[in-house]
Structure formats: C-alpha cells, structure tokens
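Below is one structure, written out as structure tokens; comments come after it.
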Amino acid sequence: MKKKIRLIVNGEEKVLTIDVQQTLLEVLREDLGLTGTKKGCNQGECGACTVLLEGKPVSSCSLLAVKADGKAVTTIEGLAKGGQLHPIQQAFNEKGAIQCGFCSPGMILVTKSLLEQNPNPTTAEIKEAIAGNICRCTGYVQIIEAIRSLVP
Amino acid sequence: MYLPDFEYYAPATLSEACELLEKLGPGAKVIAGGTDILSKMKQELLFPKAIVSLKYLSGLSEIRLESNNDVIIGAKATHNSLIDSPVLQEKYPSLCNAAHQMANNQVRNIGTVGGNIVNAVPSADLPPLLIALGAKIKLVGTNGERVLPLEDFFTGPNESIIKQDEILTEFIISEQSLTGSTYIKFALRRSGALAVASVAVAVAMEGNTCRKARIVLGAVAPIPLRAKKAEEMLTGKEITDELLEEAGSVASAESKPISDIRGSAEYRRDLVRVLTRRALRKAINEGHV
Amino acid sequence: MGENYEVIGKSVPRIDGVAKATGRAKYTGDLKFPNMLVGKILHSPHAHARILNIDTSEAEKLPGVKAVITHRDVPSTKYGLSPARWDETIFCIDKVRFVGDKVAAVAAVDEETAYKALKLIKVDYEVLPAVFDPYEALKEGAPQIFEEYPGNINTEIHQHFGDVDKAFAEAYHVRRDFFSGQRTYHSPLEPHVSIAFWEGPKVTVYSSNQSVHYLQYHLARVFGMPMGNVRVLKTHVGGGFGGKLDPTGLDFAAVKLSQITGRPVKMLYDRKEMFYNNRGRHAQYMELTTGVTKEGKILGVHANFVMDGGAYTGLGVASAYYAGALLTVLYDFDNYKFDMIRAVTNLPGCGAQRGHGQPQPRFAFESHLDHIAEDLGIDPLEIRIINARKPKTVTINDFKVDSYALKEALEKAREISGWREKKGKLPPGRGIGVGNGGFVSGAGYPCYRTDLPQAVAIIKVHDDGSMATLYTGAVEIGQGSDTVLLQMAAEAMGYPLEKMRIVAGDTDLATHDFGAYASRQTLMSGWAVKKAGEEVKNKILQTAAEMMLVVPEQLDVKQGVVFLKAHPEESLTFEEVARTYFVKYGQLIGQGSYKPPKLGGTFKGAAVGTSPAYSAATQVAEVEIDEETGEIKVIEAWDVHDCGMVINPALLHGQVHGAFYMGMGESIWEEVLFDEKGDVANGNLAEYRMPTALDMPPVTSELVDSIDPNAPWGVKEVGEGATTPTMACLANAIYDAMGVRIESLPLTYEKVWRALKEKREKEKA
C-alpha cells in the first residue's frame, strides 16, 4: 500500500509517495539518498540509524515513515553548514572519536541532542546519553573525550 | 529481515479506530510507537494484515494531575515523556526511574507506555511498578469503555484480556496512601538489556509500621506476579531487616521463573529474594524513588 | 625516542575523519548501481541433513525474480585456507552441516521479492543426527560430519620441545588447571555486503572485507578465472576484527547471480545471518600443566587443548596452531608440549577474531599463573616479572624475538595502577588483577601458500609535484591504516602529509598486499611504503643535486623542501624538483616491496606464530562485585604496551581502548548461544551483549619505549595484542575480590553468584 507523506528533512520539505511498510531509515536511505544514516541491526539495538525527530534521537529503523509524516527530521547530512563542520563533528574528528565510522553519524546526533538539552553534562550524563549507541571500535573512550571537549 | 506489505489506517478519532479494528478483525493490529510490533514483524513472529495507527488521536499522550489527585497517564506517552513529566517527578519519581531503565534513549523516544503494557512481554519494565502503584487502565471499544485494575489485564506471555476492538487509552493512579515505591531491574548490561528479574514495590508506612505493601515480580513468571504472601507477612508489622529478608525469601518462593538464555530459574529465584529485600528497604527509607 | 620526525609520531586526525563525521563516507551498502538487483541466500534450517532434492521452479515463477541458483549452477570447487582442509563449497551439494549453511540464492528486483522467493524454494532434506559439542563429536559413534575428517577430527597437533616430563620431575611445584572459553562473534557494526557486476569476461566485486587480495584469490580460484579478470575493491569498511577476512557466501553468490542476470547484484547479511556466517572465536577447552621452581621460575608447560571448530575450517586451522604457538612468547621456558584437537561440529564455522586463537589460551595461562603464584606465596605481578622474556631471545619453538619490553610494561603498570597500595588491601567486594598478552606484528608467512611478497607499495608524484598518491593494497577497516601509511609515506619522502592522497584496497588500481589481518599492515605494508617513499626521495635528491650542481649526499628533503644540509637556506621546493624530474625522466614513481626473511623452525606447523616482531602488553583492572547477585562492575583499567615506535599516538591509544573493550565484552557479557536444534539463539544485539558506554570503565593507555630493528622506524602491532590480556586480568581481579575462580568464559554474573554460593556452603560445612 502506498501513501503520500511530508517530511521536513534537514530543513527542506520533502513530499514523497512511499510504501507504508517502509521505515524512516529506508525512506532516508533509499528514497532520499541520505546514506549517512546507517542500518546496523535493524532492530533498534545498536543506534547506528539514529536521527533526530523533532530534535529528539530516535531509531529510524524502528519507526514507520508514515508515522513521521509532517515531522522534522535531522540526519547527519544536515549538520555541516556551508562546508563548515559542526563543532561536534570537528571534535569527533580531532579527538580520535572515529574509527570505522559506522556508529559516528548516530553518535554525533545523540551528542547534538544531549548538548542542546544539557550544555554542561557530566561524564556520567554523557555515558547515559550515548548508551543506546554501540561502538565496536573505540571503547567509547575518545568519544567521551570528544564530547567533554565541547563542554565549557 | 524485511517488513511485508500491509494496509495502513490512521483514523482521526478513537471511535473510528475502534470501529476499524472491529471491522478488520483479528488480522489488524494497533500501533502506537511501533518499536515492539515492527521488531516482531521483522522476525516473522507477527503478520498483521492491517495496521491501525493511533498517530492522529489527540489527548492520549498527556500526563496530568486531576483535581482529585489522580494521576492520569495517556497510553501514547513515550517512555521519555514519563521521565520528563513534572507531574510524575513530583508524585511518583519511581515511575520516571522505571521508564528510564527501558531499552535505550532512541527507543524510549518512540516506544509508548501503552505499548509496553499491551504487548504483554513478561520482562517489560513498566507493568510491575504500575501494578504495585495500583494503576487502573481504561480500555475503549465499540461498546464503550471499561476501567479495570492493570493487575487483571495480563493472561500470559503476549496475551491479555484486551478485545479486538479495544484500545488502551490511559492509566489512572489514584492510590493516595502510599508512602514509597520503587522498581529494581536486574539485567545483564547497563543499557539495552531485558530484565533477568525485576521487583517493584509500593508501601504505605506509618512510622516504622507497614500498613500496606505491594510487591510485584517481573520476568519470573508468565505475567507480572504479585507476591501476595510476602505482602501479607509485612502488613501491620514493624519493619526490621530480618523481616525484609524473610519477605524476600517468601517472594522468592512465590516466583515461577523459567530457565532461558538470560539466566537459570535457580538464579532468578535468588535474585527475587535479594531484589525484593533491597526494593522494600529503598521504598521504606526513601519514598517514591 | 631520539630521532626527530616530521610527520610520524604525531596524532594527526584520520584522513577519512571528515567524510565519516559528515555521513559522506560511502560504505559498500550505501552504493547503488543502475539496474541493480538484490540477492539473498537461502540458509539451512537443519543442523545436519542430507539434501535429497532442491526445487526452485516456484521461486523462479515469482514476478520480479531474475535468477535462482543452487550448487548445480556454480563450481563445486572446495575452498578454505589450506589445501588439506579445503572443505567448503559455494552452496551445499550433498549435505547441510549447520543451521544457516548455504543452500541456494536468488536475485530479484527488490528485497521483499527476494525474501518471498526464498520461501518458495523447496528443499527435501533427510535429517541426520547432529552434534554440537566437540567432546561429543570426538566420541566413537558420533555423527560423522565430513568424510575427510574421520572421528570429526579436523586438525590434530602434537608438538614437543625440550622435555616436559623431565621439567616436571625436577620442578618444585607442578600444577594442573582446566579452563574453557566460549564462542564469540566479532559483531562489526557494519553488516557484510557484496556487490558484483560484469563487463565482458571481467567481474568487479565491491565487498566489505579485510583483504581484497585474499577475496580476489578465492573468487578467481573457485570460478576458474585468471586473477586479472577479478577486480575486488572496497570503500569504507565498518569494522572487521577478523570476521571479514574469509570470503562469504555473499561474495560468491553475487558474482554468479550478476553473471546470469547481466545486472549488478547487491547482497547483504542481516544481523542473524552474520551470526550464521560467523568465523568468530572458537570455544576452546584448555588443560594446562606447569612446573615451576620454588622461586617461581617456569620450567616447563604442557598445553592440552580441544577446540570446537564448527562446520567448516576456513581460517580455523591457523587458529588451532596459534592457540599453542604463541604461549611460548611472553615467558621464557625451555620445555613445552602442545597438544590440540580441533573438532568439527554442526555449528557455524569458527575462525579468526582479534588476537586470533590466543586470547582464550592467554586467559587460561594467566589465570593458571595466578594460582601458581598463590601456591608459592609470590605476588602475581612479581611472578610475571620473574618469567618475562628478555629482548634478543629465541623461544623454544624457534621464534626470534628482538625488541621485548614486557618487564618494563609490568613495572610501569604496577606504578600507574597503584598495584602495591591496592593488592590485598581493597575494601570487601573490590579486587585488582593483572594479565599479560601480546601478538605478532604480521604473520611471518602469507595467509595461503605462496611466494608472493607480503606487501608492495607505489608512490606516484603528480606531474607538477603538487600532490602525491600512495597506492597500496592495505585495507583500512577503521583501524587507521590509510592515515598511518600516508604518514609513513610522507616521512620517507620528505613531503607534507597534506599533499598526500591514497588509493588503497583495490586489486586493479592499487598494489598487491595481503590485507588487514594478524596485525600486519603497520609493519609489513609500512615497510613497502617506506621503501617506496625512500625511492622517491632518492630520485628527488638526485635531480636536485643535478639542479644545484652538488652531490645528492649533500642534500636532504623535509616537508617538501630540498636543502643543502650545510646551508639549509640554499633550497629548492620538492615541487620544482619533481617537475624537473617529470620533464627529464617521466613520471616520478617510487616502488617498495617487502618480504620478511625466512623465519621460524622446520617442524610441522613451525610457520604459525612467526613474525618479524612481537608486541607485549600488561593490563591491570579493578573490579567491584555484588556479593549477592554476582554482578560485576569494572571500575578502572590500565594498559601498558610495548608496541615499538608509534606512528600516530591518538590512533594507537584508540586501538588499545577498543581492544580492551572487546576483551572486556568477551570476558563478561558476550557469548554466542544455540538452541537445542543448533540454531543461533541470540543472533541480535540485544542478547549478544556488547558493552555500552555505561559498562565501560576509564582506561589509561601507556607505552614503554621500544624500537624493533626488524620494522620500519621500529614499529610493532597494537590492535590485537591489547585484547589478549583482558580476560584473565578480569578473572584475576574477581578472584582477588571474592576468592572465587571462574574457570570458564564468559565470567557471567550468574557464574560468580553460583561460585560465591558454593563457597559459602563449603565454609558452612
């Protein structure tokens, strides 16, 4: 079954006709070509597919796209502006927080949401915020350092 | 792993939704957040012919305090909205803490409290505490609504008394005499892990005397289980460490765990003993935590 | 470290960091080609069954299905690591040997159609008795899984160096312990993906893998094609850890399906299928007997192991040899016996996972050593110092170890962890433990029998000298090899890093290299890169000497400036010299090739464990145990590594953190479980529990000075060695905290709970 939906993706309105069984992840990757959002487990267990829905991190693999109809979605492609890296992206790059990079888009987006809600998080709060994002490479050490470097 | 095609409905009103469910019959499933149902569908454990989304039903996400001091939680409230709710933070922070122990942040922003109940998963985190707090639920169907204790809702793993045309709309917590409550989950990882065993308690204390205690065990029986014998032995008693230890042992004997990949029945029974004692002590000493 | 370097030894950001941070980095699964089909593999539902008939006619009729293939459509050539154990075919022919074995594949217009088609393939099976436990498999009368492995014995190793019996007879104390390790899985965050398409007689395969060469070799061999007609390349790879080295069914099936359909075919595993493909760590059963002097000096060791190989061999034969081979490296002893049986069972095949074969034996040995220390009344850290290997020594099994700073690592770990203040002095429920480990810096011999060099690199300076490109077959899988190799190239050339580009991991466009396994690239690919860079540098100096009317020996080049050593103000830019070279002689190219000298002894299996250089590591960890529930909290950890010269400290410490993380996961939480039918019971990331940020303690990663003479600039490995001490380190910390020894991995909360319960009951009695 097809359905027409409207999404505001990285500030741009997108009107799409999709299959109702498509997850938000699939619509972003397949229909909009936004492959920065990754399919890691497809079960809401790894966080690689995290996007911000109305500013809040969600597992886009566990959300039907029709349910996001009318809502604002931020993906990793929406962060860097005019060729300038977002400060979080810059910190991740400079602090060694990236290895294979498959978790990085999700990690960066949960960090964005965290810092918007709580610009001065403790290490414990940082760990809590990224606990839904599995990173198989870094042991989170340099990710946490990168996020801490953004805390004044 | 893929999602098969289905018919999708997003009715504008509750009555429309109930009528649709009745009309479509058992092949139709309600979806609120959808995290659990999508996961089951991808694993080919569930093949709904139609999905009825509650997306456009208004007023079901609210968490509010009524003038009679009842706390109302809309079934569409997400786990994170429970955590962030000023009403709950004031009245039952224990519920905020229980919601916090669910899955992970990204799922808590989608998954709803109603879904956590209706899916009737034995290891679910919210049912034990909601039952301990004496929560009632409102089910709305084509023939009107009924309100019943949450405790009477579950009949087995993935099974409940909900009828095909019914939608769970809200939770009502009207218990006013309770002085403390808490939920302790024992899981094999600090985030994103299902409970191996969990215990929720709610107590009404008068000085050091226990006037009322409810103890609800999670993940150690086909449904959230009241440890009634343990509750009885506390009622009217002066609380001592020995008594709490004994209550733990009695609750442990009441549990009916199975062995699975997360733990043996023997281990779970002993966890119930320890967690019951710890939860009681916490609720008695610290209130709704 | 003495010398002043311009580019190496610095924590420059990874060259792919910005692409990965912005989501621009394309992984194989992100690629789309016009007209591309989606393929899926049909997996066996039975652990052991004879295939009587496969009927694909219904599947073929389904609209949208473009091809259905079974063993009838593909070569029956067997493949694996070594010819004696080539035992796997693209699809099962006569039998399936585990739940998840490869039976057929389809290509269709979309994923949903492909899945539906799989359901329409009718396979008649005659179900056979299955065996899931290696000891059961080795019993007389057990179901026979392969004709070629009578008694289900896949690999049998008996090595004896010196005289262990004599050593035990002379020892003050002989102790025997038994340990076991579990099956674990790499679980890279990126699932395996393969995309294939044909142009005439040539196939191109994009694969998320660790060695483009090894996959090219397999595809060419199995399909009977010249290697030149098989192009394998990769884009960004989302982690490997050993699990993307063996070719997968996706690679073979995509090649065939795209040939039949004439269209690009993309195939990927979902999470559970990754567990079927497996190639993860073997479950090992390890009996260790050690004789020591009164002072704690090890005289002799007997390692008597059994491992569960699962259904196919793949790299598993090497795992079996590694398990025993590397036990001789850390501590110096003269008598050693290693017995191993690798049994086949009806479970997914096991292979190489970070530390290949040896983290579990290290768990066993380091736990065993703590017991011995306790028996003798010696501090566990001290007994390790007593026995630590010295540099410039040769192991009893003929490994030449040049640089080796294990003793220094132990001493430094003792300092930074506060060992002396903590050991035996922590409050109840808290404990501290130590474990040692290390690894090869590249295997001394290639992964399959061949006389090819280990690595070749080419550096091409662009015509105008404004850029240079490094061509290498080394494979970046997240560990940072592209960045490290570019730093090395720039250093060797005397060129700025910012002007370097890389083409890597492409069998057509880049050079030969065996890829990312056995921690080989920094040393081996690095050698080739260094030589290539030096050739460029020599040509630059030669040309500049001609231009400046001096001799090359009077010149040097650094950061793109060629200068007279005696008068640095007299200089030319690299660019102008390079341009002059181009005009006079043609393209400015440097080439380097690396092949280690002949390493190791002559006994059977002598090649496994050889390496130009060995790393060493000490880890100390502190834990807190809930005495009622058995819950384990890892409070803090320290790693001190002897990894030679460090090219990029930030990347290096990231490897240590990640290796400790994986080791910790395997220590406490991770285990692949099976149901009674032999199907994976936890093939998802909720029940295969990798630690989250909340489970990870602070880790301090420190180094000891060490330069290996056999390596470019003295580098050694780090990424795998740091996984090997962790399991015992944590087991020893638990023992220190609670006085209970958990002898089987993982050290689950329930096992700790049970051990504590038994201990209490014993104390009562």
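No lab work stands behind these numbers, since they all come straight from the coordinates. All of these numbers come straight from a predicted model, not from anything done at the bench. Glycine gets a Cβ as well: all are built from the backbone with ideal geometry, and neighbour counts include every protein chain shown.
Mean per-residue shielding of peptide C:113-123 is 1, counting Cβ atoms of other chains within 10 Å of each Cβ. Note on chain A: helix-only mean residue ellipticity at 222 nm, from DSSP H runs of 4+ residues weighted -39500 (n - 2.57) and normalised by residue number, equals -7000 deg cm²/dmol. Helices in chain B, meaning DSSP H runs of at least 4 residues, each add -39500 (n - 2.57). Divided by all residues, the mean residue ellipticity at 222 nm is -9500 deg cm²/dmol. Taking the longest Cα principal axis of chain B as reference, the axis of helix B:241-254 is set at about 40 degrees.
Note on region A:87-148: semi-axes of the ellipsoid equivalent to its C-alpha gyration tensor, largest first and rounded to whole Å, are 16, 12, 10. The mean count of C-beta atoms from other chains within 10 Å of the C-beta of residues in B:50-56, rounded to a whole number, is 3. Charges were assigned to the Cβ only: +1 to each Lys and Arg, -1 to each Asp and Glu. The resulting dipole of the protein assembly as shown about its Cα centre is roughly 1180 debye. Across chain C, Cα pairs under 8 Å and at least six residues apart give a relative contact order of 16 percent. From most to least packed by mean Cβ count within 10 Å, the peptides C:723-731, B:158-166 give C:723-731, B:158-166.
Based on C-alpha pairs under 8 angstrom that are at least 6 apart in sequence, chain B has a relative contact order of 16 percent.
Take each residue of peptide C:651-662, count the partner chain Cβ atoms within 10 Å of its Cβ, and average: the result is 5.
Within the straight-line cut-off of under 16 Å between alpha carbons, the lysines reachable from C:LYS422 are C:LYS412, sequence neighbours fewer than 8 places apart in one chain being disregarded.
The peptide list A:137-149, B:83-95, put in order of mean Cβ contacts within 10 Å with the highest first, becomes A:137-149, B:83-95. With a ≥ b ≥ c the root eigenvalues of the C-alpha gyration tensor of region B:63-173, is it rounded (a/c under 1.5), prolate (a/b larger than b/c) or oblate? Taking the square roots of the gyration eigenvalues as a ≥ b ≥ c, region B:63-173 is oblate. Based on Cα contacts under 8 Å between residues 6+ apart, region B:180-286 shows a relative contact order of 29 percent.
So, counting K/R as plus one and D/E as minus one, what does the shell of residues with Cβ under 12 Å around C:ASP94 add up to? Charge balance in the 12 Å sphere: 0. Only helices enter this figure: runs of n ≥ 4 DSSP H residues, each worth -39500 (n - 2.57), summed and divided by the residues of chain C, yield -8500 deg cm²/dmol at 222 nm to the nearest 500.
Note on chain C: Cα-only Rg and Dmax are 26.9, 93 Å. Among C:THR522, C:THR573, C:THR469, the ranking by other beta carbons within 10 Å of each residue's beta carbon, starting with the fewest, stands as C:THR573, C:THR469, C:THR522. Residue exposure proxy: C:TRP198, C:TRP669, C:TRP638, ordered by other Cβ atoms within 10 angstrom of their Cβ from fewest to most, comes out as C:TRP198, C:TRP669, C:TRP638.
Rounded to the nearest 20 debye, the dipole magnitude of region A:87-148 is 120 debye, with +1 charges on Lys and Arg beta carbons, -1 on Asp and Glu beta carbons, and the Cα centre as origin. Ordered by the count of other Cβ atoms within 10 Å of each Cβ, fewest first, C:ARG760, B:ARG268 give C:ARG760, B:ARG268. Our note on the geometry: Cα centres of region A:52-94 and region C:542-616, 45 Å apart.
Each Lys or Arg adds one and each Asp or Glu subtracts one; over the other residues with Cβ under 9 Å from the Cβ of C:THR700, this totals -3. Count Lys and Arg as plus one, Asp and Glu as minus one, and take only other residues whose Cβ is under 14 Å from that of B:ASN285; the net charge is then +2.
Taken over region C:454-594, lysine pairs spaced eight or more positions apart, or on distinct chains, with alpha carbons under 20 Å apart number 22. Between the alpha-carbon centers of region C:632-692 and region C:429-506, tell me the distance in whole angstrom. Computed from Cα coordinates, the inter-centre distance equals 24 Å. The charge dipole of chain B, taken about its Cα centre with unit charges on the Cβ of Lys, Arg, Asp and Glu (plus for the first two, minus for the last two), comes to roughly 580 debye.
Rounded, prolate or oblate: which fits the protein assembly as shown, taking a ≥ b ≥ c as square roots of the Cα gyration tensor eigenvalues, rounded meaning a/c under 1.5, else prolate when a/b beats b/c? Prolate, since a/c reaches 1.5 and a/b exceeds b/c.
Computed from the C-beta positions of C:ALA84 and C:HIS173 and an R0 of 51 Å, the FRET efficiency is 0.80 to the nearest 0.05. Distance from the C-alpha centroid of region A:98-128 to that of region C:702-723: 32 Å, rounded to the whole angstrom.
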